[in-house]
Amino acid sequence: MSEPLRCRIPAVATVQADDDTARVTRWDFPPGAETGWHRHGWAYLVVPVTDGTMLLEEPGGATREASIKAGVSYTRPPGAEHNVVNAGTEPFSFVEIEFKAHPG
């Protein structure tokens with residue numbers, strides 16, 4: 001028997017800045033909200049605004065949970081593919097800064 005289809009609300013993405021150097025997006029996640037599947041084309045930095053618990057769905061059906069803490073940033077290389085879900089009972093937010101690649 002197949003797993004039932006999950007209906008999740010989308011996280012809210014608000015682009016705060018977008019120029020030749022970087023794109024800055026604030027992500028707001030009510031409980032159960034998701035980004036939807038995506039692949040990062042650029043290296044990026046995440047700055048949590050609030051604490052939260054993320055469920056990361058990864059290719060091949062793998063999942064893992066990660067806690068974020070307000071003000072504790074982390075980076076990831078380009079190519080990351082995932083769906084980010086708020087696995088907690090409280091809303092959380094973070095700011096994502098994508099660094100656009102430049103030749104030379």
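Brief remarks follow.
- Filtered residues of the stretch 43-75 (kept if more than 13 Å from PHE29 (Cα to Cα) and surrounded by 15 or more Cβ atoms within 10 Å (Cβ to Cβ)): ALA43, TYR44, LEU45, VAL46, VAL47, LEU56, GLU57
- Against the list (1) part of a strand (DSSP E or B); (2) surrounded by fewer than 14 Cβ atoms within 10 Å (Cβ to Cβ), the condition VAL95 fails is (2).
- Hey, GLY52 out of contact with any helix residue (DSSP H, G or I) (no Cβ under 6 Å at 6 or more places or on another chain) and at pLDDT 95 or above or not: yes
- The set of residues in the stretch 4-21 that are in contact with a strand residue (DSSP E or B) (Cβ under 6 Å, 6 or more places away or on another chain) and modelled with pLDDT under 95 contains only ARG8.
- Count - residues of the stretch 24-41 that are closer than 12 Å to ALA80 by Cβ and surrounded by fewer than 16 Cβ atoms within 10 Å (Cβ to Cβ): 5
- Looking only at the stretch 74-104, and only at residues there that are touching a Phe, Trp or Tyr at 6+ places or on another chain (Cβ under 9 Å) and polar (S, T, N, Q), the one that is nearest to TRP42 (Cα to Cα): THR75
The values are calculated or read from the model by the stated rules, or taken from the named source; none is laboratory data. What you see is a predicted model, and the numbers here were worked out from it, not measured in a lab. Cβ sites come from the backbone with ideal geometry, for glycine too, and all protein chains shown count toward neighbours.
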